[in-house]
1. Could you run through the range B:52-75 and say how many residues are in contact with a strand residue (DSSP E or B) (Cβ under 8 Å, 6 or more places away or on another chain) and open to solvent by 10 Å² or more (accessible area, probe 1.4 Å)?
2. Here is a check on your reading of the model: is B:Glu98 under 16 Å from the mean Cα position of the chain (by Cα), open to solvent by 60 Å² or more (accessible area, probe 1.4 Å), within 26 Å of A:Met207 (Cα to Cα) and not hydroxyl-bearing (Ser, Thr, Tyr)?
3. Cβ-Cβ under 9 Å, sequence separation 6+ or interchain: first residue in the range A:4-18 and under 20 Å from A:Asn36 (Cβ atoms) and of a type in the set (Gly, Ala, Ser), partner in a strand (DSSP E or B) and open to solvent by less than 100 Å² (accessible area, probe 1.4 Å). Which pairs?
4. Regarding the range A:83-96, can at least one residue be identified that is without any contact (Cβ under 8 Å) to a residue 24 or more places away in the chain, of a type outside the set (S, T, N, Q), within 13 Å of A:Ile4 (Cα to Cα) and touching a helix residue (DSSP H, G or I) at 6+ places or on another chain (Cβ under 9 Å)?
5. For residues that are in contact with a helix residue (DSSP H, G or I) (Cβ under 6 Å, 6 or more places away or on another chain) and either under 14 Å from B:Ile68 (Cβ atoms) or touching a residue at least 12 places away in the same chain (Cβ under 8 Å) (or both), tally how many sit in the range B:10-22.
6. Checking A:Leu109 against (1) surrounded by fewer than 11 Cβ atoms within 10 Å (Cβ to Cβ); (2) not in a loop (DSSP other than H, G, I, E, B), which single condition isn't satisfied?
7. Considering each residue of the range A:39-58, count those that are in contact with a Lys or Arg (Cβ under 6 Å, 6 or more places away or on another chain) and not in a helix (DSSP H, G or I), and give that number.
Amino acid sequence: MLEIKDVTKRFGSKTALNSVSLSLPRGELVGLFGENGAGKTTLMKCILGLMGHSGQITLDGERITRKNIARLSFATCEHSFFPDLSGAGHADFYAAHFPAFRRRRFEVLMDFFSLPLNRAPRSFSTGQKNQFEVVLALSQGADYILMDEPFSGSDVFNREDFYKVLLGILDNGETVLLSTHMLEEVDSFISRAVLLHSGRITGDISMSELEESGESLMDYVKRAWNYRSDRIRRAIDELSGEAGDR
Amino acid sequence: MISFDGLRLEEGRPIYLQIVLHIKRGIVSGAIADGDELPSRRILSALLGVNPNTVQKACRALEEEGLITSHAGARSFAVVTPETIAACRAELVRGGAESWARSARGLGLGLDEALELIREVWDNPKEEEQ
């Protein structure tokens, strides 16, 4: 169980995370949704200890330190691989540093994305770099896999197929926390949706609960954000008023 | 092995029900025979791109209706008997009639008009669109 209790993070006068509490048991596929600047990346970085914060984050009751950090992995669009080390070189490096490294899974995923093993990722396209980042996060052998907008730059076929492959390879004990804007692409894939809005958790629901309520994920998200369905009409009305003035 | 190639998931309808319906259609059409094996939960989840919980929910519903039996090792097999075929057919036909009646009523048709229309369409079936 990964437990986040009352985590607050401030940047100067701006509050990026405001008393966030969240429990992630093993085996869940959790979608983390929120507008740009909602705090999704900040939350992940706090979990990984990359940012100081107030409040408590524990993994099976223990603080996250060098002793247990390998149980977490992170795929970030800022990229965490070595630009000049080949794919095969990364596999060896990971095998040496992460006892639970899944070499077979690494090879299968490299092949799935048609990523070359013998070239340095510096020469990859942006989409390929993101894919490589995801491959490493999934192959590290972590129990909690954090993915922050992992698919920008990948085309829709690659993304769709990737979710399917993911469902086929994940063990029951692996937890995925996936932040993305592509709600409709992941709504059948995830088991739970967590919404962040202006640094606060504004929604947390299991997909089976949501399905029983008959509400779509998109409607749930809009409702939780107080989405104003009249905003399009208002903008058009205001603009047409402006045009009429001329 | 029971095929799910023909199943296209639709928005706005519980996915587990769409999986259940796919099996019922297969049983009625004869595409699924008695003892045909279902792909494993994990494979099915990956094939359809849906969460394993959803697949599990569909399998539980199918078991409760007696349309599949599950054995050790999580292997599941279709139960196709004259009784299950009849039950699935009755349910599918009734479901179709209900949804047609709902939309006809929504368009302002009365019962007599609706029956007349059915009779007319029944006697002059259009070629099915490809």
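The values are calculated or read from the model by the stated rules, or taken from the named source; none is laboratory data. Predicted model only: the values in this text are computed from it and were never measured. A quick note on method: Cβ atoms are made from the backbone with ideal geometry, for glycine too, and the neighbour counts reach across all protein chains shown. Calculation scope for accessible area: heavy atoms of the full protein, side chains included, ligands and nucleic acids excluded. Shrake-Rupley method; radii C 1.70, N 1.55, O 1.52, S 1.80 Å.
1. At the first step, the residues of the range B:52-75 found to be in contact with a strand residue (DSSP E or B) (Cβ under 8 Å, 6 or more places away or on another chain) are B:59, B:62-63, B:67-71, B:75.
Cutting the leftovers down to open to solvent by 10 Å² or more (accessible area, probe 1.4 Å) gives us B:63, B:69-71, B:75.
Qualifying residue count, the range B:52-75: 5.
2. Numbers: under 16 Å from the mean Cα position of the chain (by Cα): yes; open to solvent by 60 Å² or more (accessible area, probe 1.4 Å): yes; within 26 Å of A:Met207 (Cα to Cα): no; not hydroxyl-bearing (Ser, Thr, Tyr): yes.
Considered against the rule, which asks whether it is under 16 Å from the mean Cα position of the chain (by Cα), open to solvent by 60 Å² or more (accessible area, probe 1.4 Å), within 26 Å of A:Met207 (Cα to Cα) and not hydroxyl-bearing (Ser, Thr, Tyr), B:Glu98 comes out as no.
3. As it stands, the answer is A:Ala16/A:Thr8; A:Ala16/A:Lys9, since those pairs meet every condition given.
4. So far as the range A:83-96 goes, no, none of its residues is without any contact (Cβ under 8 Å) to a residue 24 or more places away in the chain, of a type outside the set (S, T, N, Q), within 13 Å of A:Ile4 (Cα to Cα) and touching a helix residue (DSSP H, G or I) at 6+ places or on another chain (Cβ under 9 Å).
5. Going residue by residue through the range B:10-22, those that are in contact with a helix residue (DSSP H, G or I) (Cβ under 6 Å, 6 or more places away or on another chain) are B:14-16, B:19-20.
This time we only want the ones that are either under 14 Å from B:Ile68 (Cβ atoms) or touching a residue at least 12 places away in the same chain (Cβ under 8 Å) (or both), so: B:15-16, B:19-20.
Total meeting the criteria: 4.
6. For A:Leu109, the exception is condition (1).
7. 4
Condition check ((1) of a type in the set (Gly, Ala, Ser); (2) surrounded by fewer than 16 Cβ atoms within 10 Å (Cβ to Cβ); (3) within 12 Å of chain B (Cβ to nearest Cβ); (4) under 22 Å from B:Gln56 (Cα atoms)) across all residues:
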residue	(1), (2), (3), (4)
A:Ala142	yes, no, no, no
A:Asp155	no, yes, no, no
A:Phe162	no, no, yes, yes
A:Leu170	no, no, yes, yes
A:Ser179	yes, no, no, no
